[in-house]
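The values are calculated or read from the model by the stated rules, or taken from the named source; none is laboratory data. Being a predicted model, the structure only gives us computed values, none of them experimental. Reconstructed Cβ throughout: ideal geometry from the backbone, glycine too, with neighbour counts over all protein chains shown. For accessibility, only protein heavy atoms count, side chains too; no ligands or nucleic acids. Shrake-Rupley method; radii C 1.70, N 1.55, O 1.52, S 1.80 Å.
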Amino acid sequence: VGAAQACSSPAAPAPVSPTGPQVLESERARRAANARIVNVDLRARPTTVDLGGPQVTTWAFDDRLPGREIRLRRGEVLRASLANELPQDTSVHWHGIAMRNDMDGVPGVTQEAVKSGAKFDYEFTLPDPGTYFFHPHVGVQLDRGLYAPLIVEDPDEPGRYDAEAVVVLDDWLDGVAGDPDTKLAELKSEGMQMGGMDHGGMPGMGDGSAGPLGSDTGDVDYPHYLINGRVPTAPNTIEAWPGQRLRLRIINAASDTAFRVALGGHRMVITHTDGFPVQPVETDSLLIGMGERYDAVVTAGDGVFPLVASAEGKQGQGLALVRTGSGAPPAPDARPAELDGRLLTAGALAAAEPVRLPARGPDRTHTLELGMDMSVPYRWTINGKTFEERRPLPVGQGERVRLRFVNRTMMFHPMHLHGHTFQVVAGRGAGPRKDTSIVLPMETLEVDFQADNPGQWMIHCHNVYHGEAGMMTTISYQ
Ligand code: C2O
Ligand code: CU
């Protein structure tokens, strides 16, 4: 029994990897004796939220969408007490954090599921600054709205910006067009229509190609695209002063949608992805897959500007406003020219010097072929198998491990590794450090990571429907 089934088979307690002495040792090594402890309460429960007009009945943390941001500094300890008031098992996964394995929040792999009505206390040190988020790791609960930003500040960071705003993207299904569990069940029983779920489209390859590619042929309609929980007709407003350097911490919390993001009238300087610094690159727009984060600095103009997240391969967009002065607000369907300008993808980035992995060949390579089984409806596979059929991939403590993702499908898969930040292997070596990276249709993506965090860790597609339909596996330290 694995994570993918944790909510549907509550009767069978899963074999959970025990908290070994190495896991405790890894936490001891991260935690300073005088580390500040930050206490947070999280209540996951059914609620009604206002999307800025539409009222939706859904599940959320503390009745808010997104849930309340958690913000700490590097090296601090988060103590989060989760109360599960949902009618299902749940958990919290701290996406992107290199943490102790037993707090990673994957039922059936790192902990027992948190039962309905039960509580669970998470406690761990946050070793790396950056932009992160958290969500349950059970079924498709993320798609109901159970997510919130987790920001880890760097007290030593040079002041490259004056103000900042967190920008959380989502595709909204629940409460309007059915619920995510029903959608998943329908997909599994009926399979995909030809061209269905074509969320991936054929994105530009980071070479400056532009324009909306792909079209909305999906059998799934997301009635709303949200930025910070608001529909475009009632957008969230980010206030700044003209001339300020504004840092946007962009998080794609959508379950099934990649976005093309641009700020009208501005160019963005990409400074970080998935929390880790990159050599800054200026761009008009960027492509952000599910589970990815990008930090972009803009020098704010004077007026009211549309910050647009255009759903890739679908119809529709999310909107927020950046307001520094007076002016008429842009229309809900405003389409700034920057969206069709230079499009940046992770492949165009390189790790900043201080976070670059030492140059070295891999000690071990695992090839993961990403596939779709056409004979069985809606079954997404890694090396021909679903999660339930797979064995963990072995890694050795201290090894440099290469993962080679080979995409045999026409969709893109944002592949996410828990507990580590890999480095994309680019032509010249040191691509960006990331924990989630899109594998483009029919392409191969290689990433390297240092095996320095013992335990059993998930690798999966962050399209939660692909993941739940099998596109998950684990690595296990021997
Ligand atoms: Cu955000 Cu395993 O996922
Ligand atoms: Cu996928």
Is it the case that some residue within segment 461-470 is assigned to a strand (DSSP E or B), more than 16 Å from ligand 2 (Cβ to nearest atom), among the hydrophobic types (A, V, I, L, M, F, W, C) and open to solvent by less than 10 Å² (accessible area, probe 1.4 Å)? no
When (1) outside any strand (DSSP E or B); (2) open to solvent by 20 Å² or more (accessible area, probe 1.4 Å); (3) within 16 Å of ligand 2 (Cβ to nearest atom) are applied to Tyr378, the one that fails is (2)
Scanning segment 389-434 residue by residue, those more than 16 Å from ligand 1 (Cβ to nearest atom), of a type in the set (Val, Ile, Thr) and closer than 24 Å to Arg30 by Cβ turn out to be Val395, Val401
Quick one: would you say Pro149 is in a loop (DSSP other than H, G, I, E, B) and modelled with pLDDT of 75 or more? no
Only one of Val114, Val138, Val167 is in the same structural domain as Thr273 (by TED's automatic domain parsing), away from ligand 2 (no atom under 16 Å from the Cβ) and not hydroxyl-bearing (Ser, Thr, Tyr), namely Val167
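What strands (runs of 3 or more DSSP E) completely inside segment 13-79 contain at least 1 residues that are exposed (fewer than 13 other Cβ atoms within 10 Å of the Cβ) and among the aliphatic types (A, V, I, L, M)?
37-50
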Here the residues within segment 327-365 that are surrounded by fewer than 16 Cβ atoms within 10 Å (Cβ to Cβ), more than 30 Å from Val308 (Cβ to Cβ) and not β-branched (Val, Ile, Thr) are Glu353, Pro354, Pro358, Ala359, Arg360, Gly361, Asp363, Arg364
Note to self: Considering only segment 222-238, I want to know if a residue exists there that is surrounded by fewer than 21 Cβ atoms within 10 Å (Cβ to Cβ), of a type in the set (A, V, I, L, M, F, W, C) and part of a strand (DSSP E or B).
What the structure shows: no
